[in-house]
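Remarks on the structure that follows.
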Amino acid sequence: MEGMTPRASTRSDSVQGLSEFTEEEQRLLEEIGRKKAKLQEEIQHIKNEIAEVTAELETMDGVVDVPKQQDQKAKQLSTGRKRFNMDPQKGLNFLYMHGLLNEAPEDVAAFLYRGEGLSKKMIGEFLGKLKDFNLACLKEFVKLHEFANMNLVSALRQFLWRFRLPGEAQQIDRMMEAFAQHYCQHEHGGIFANPDTCYVMSFSIIMLNTSLHNVNVKTKMSIEGFISQNRGINDGGDLPEEMLRTFYEEIKKDEFKIPDDEGGSDLTHTFFNPDREGWLTKEGGKRKTWRKRWFILTENCLFYFKLPSDKEPRGIIPLENLGVRELSDTKKPHCFEIFSDASSAIKACKTDSEGKVVEGHHNVYRIQASSAEEKDEWIKCIRASISRDPFYEMLQTRKKKVTHQQEVGGP
């Protein structure tokens with residue numbers, strides 16, 4: 001068609017090459033091509049950077065996961081310990097389930113031996129259970145203690161510091177039996193004739209510690225009394241007196257502390273929240289006169305004062321291995337008495353007229369309340385506060401056993 005320029009004709013027929021464009025259009029197309037190439041290069045560069053950053057992030061994620069996993073395990077372990085301190089078996093089951101502890105006696109024993117964050121009371125309760133797995137754990141737990149070249153006092157300190165003895169006599173018996181067996185295997189001096197001797201001597205040491213360091217015991221055991229108490233326990237023979245004197249002096253110098261999760265033994269604190277307090281009339285020991293005293297019942301002890309404002313008690317009656325009962329055959333109404341189950345003198349103390357602390361002289365304590373209701377309430381509260389000292393009872397039982405064996409095997 002006439003009048004149509006070559007450019008218009010080319011546009012309509014499609015572009016065949018740059019020669020069909022004007023110089024200006026060719027420069028513009030070249031500029032666009034350069035910018036496009038540059039943009040593609042920049043895009044590829046950005047893609048490469050993104051790939052590198054992604055790789056770095058993936059690597060970093062792998063590194064960060066390690067402490068995260070460790071932190072999670074630490075939290076689970078803490079939870080397991082807390083559950084153990086409420087219920088030992090549930091705590092252990094939690095640790096088994098999360099793969100933090102193997103359900104094997106040697107592994108559980110090692111966990112308890114380390115004791116990190118664990119209640120020593122609950123460790124003692126678990127080890128004292130009469131179940132096959134618990135007994136196996138106790139055996140492994142005892143084996144973890146190295147008693148070579150240790151005297152009995154030092155071995156007891158190490159053993160009993162890792163847990164708190166449970167309250168039931170049979171549990172204590174099993175645990176101390178296991179200790180005595182293990183100690184005798186490592187005691188190379190051959191001093192103890194058999195584990196029974198070690199068992200009895202161990203309880204005697206614990207009782208000595210109580211006598212020398214318990215604030216409620218005013219009449220302390222003498223070294224002569226300690227030696228006398230342990231005569232004939234070594235399969236009929238006596239233990240070396242020098243060794244017994246060493247034991248006594250060690251305990252006297254360094255209190256044998258048995259762990260207590262609750263803690264606290266301050267006498268001042270004792271009187272802040274008593275189980276019961278009030279006026280009662282008490283019969284004297286040597287002189288059978290009746291005197292009115294202010295009584296405070298707390299911490300398994302019955303304290304009596306001359307006046308409620310007094311800071312120091314006139315007497316202390318530890319309620320261990322005692323009984324209480326109503327008296328109806330006296331001339332005085334509303335009476336009751338505290339008595340010894342062992343038909344022996346009650347281990348109590350009082351201050352004399354000169355202010356000295358002396359041993360009491362009561363086989364029974366006869367006490368009068370102001371009314372029948374008061375009497376019944378005091379009997380109820382005292383009965384609830386009476387404790388059974390398993391050390392005392394078990395020592396007496398084992399001594400009787402040893403004596404019986406000697407009599408049967410004797411001439």
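The values are calculated or read from the model by the stated rules, or taken from the named source; none is laboratory data. It should be emphasised that the depicted structure is a prediction, and the values quoted were computed from it without experimental measurement. Positions of Cβ are generated from backbone atoms using ideal geometry, with glycine treated the same way; all protein chains shown enter the neighbour counts. Please note that ligands, DNA and RNA were not included when accessible areas were found on the heavy atoms of the full protein model with its side chains. Shrake-Rupley method; radii C 1.70, N 1.55, O 1.52, S 1.80 Å.
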Within segment 295-330, track down each residue that is under 19 Å from I346 (Cα atoms) and polar (S, T, N, Q). T298, N300, N321
In segment 141-150, what residues are surrounded by fewer than 16 Cβ atoms within 10 Å (Cβ to Cβ) and either touching a Phe, Trp or Tyr at 6+ places or on another chain (Cβ under 8 Å) or closer than 17 Å to D107 by Cβ (or both)? K143, L144
Segment 92-114 - residue that is open to solvent by 40 Å² or more (accessible area, probe 1.4 Å) and assigned to a loop (DSSP other than H, G, I, E, B) and, of those, nearest to L135 (Cα to Cα): E103
Pick from segment 280-311, criterion part of a strand (DSSP E or B) and farther than 25 Å from S387 by Cβ, ranking: least open to solvent (accessible area, probe 1.4 Å): T281
Does segment 48-65 contain any residue that is at pLDDT below 85 and within 28 Å of E116 (Cα to Cα)? yes
What residue, of L130, L138, is touching a residue at least 40 places away in the same chain (Cβ under 8 Å), open to solvent by 50 Å² or more (accessible area, probe 1.4 Å), out of contact with any Ser or Thr (no Cβ under 6 Å at 6 or more places or on another chain) and aliphatic (A, V, I, L, M)? L130
So R164 fits all but one of (1) touching an Asp or Glu at 6+ places or on another chain (Cβ under 8 Å); (2) open to solvent by less than 50 Å² (accessible area, probe 1.4 Å); what number is the exception? (2)
Inspect all residues belonging to segment 179-191 and state whether any of them is within 28 Å of I316 (Cα to Cα), polar (S, T, N, Q) and surrounded by fewer than 20 Cβ atoms within 10 Å (Cβ to Cβ). no
Can you tell me how many residues in segment 185-208 are under 24 Å from K401 (Cα atoms) and either outside any helix (DSSP H, G or I) or of a type outside the set (A, V, I, L, M, F, W, C) (or both)? 13
So, first residue without any contact (Cβ under 8 Å) to a residue 40 or more places away in the chain in segment 372-386, second residue in a loop (DSSP other than H, G, I, E, B), Cβ within less than 8 Å, six or more apart or across chains; the pairs are A372/P333; A372/H334
All-but-one check, M1 against (1) at pLDDT 65 or above; (2) in contact with a Ser or Thr (Cβ under 9 Å, 6 or more places away or on another chain), failing number (1)
Look through G124, G117 and report the one residue that is at pLDDT below 95 and assigned to a loop (DSSP other than H, G, I, E, B). G117
Counting only residues in segment 218-248 that are open to solvent by 40 Å² or more (accessible area, probe 1.4 Å) and touching a residue at least 40 places away in the same chain (Cβ under 8 Å), the one nearest to N151 (Cα to Cα) is identified as T246
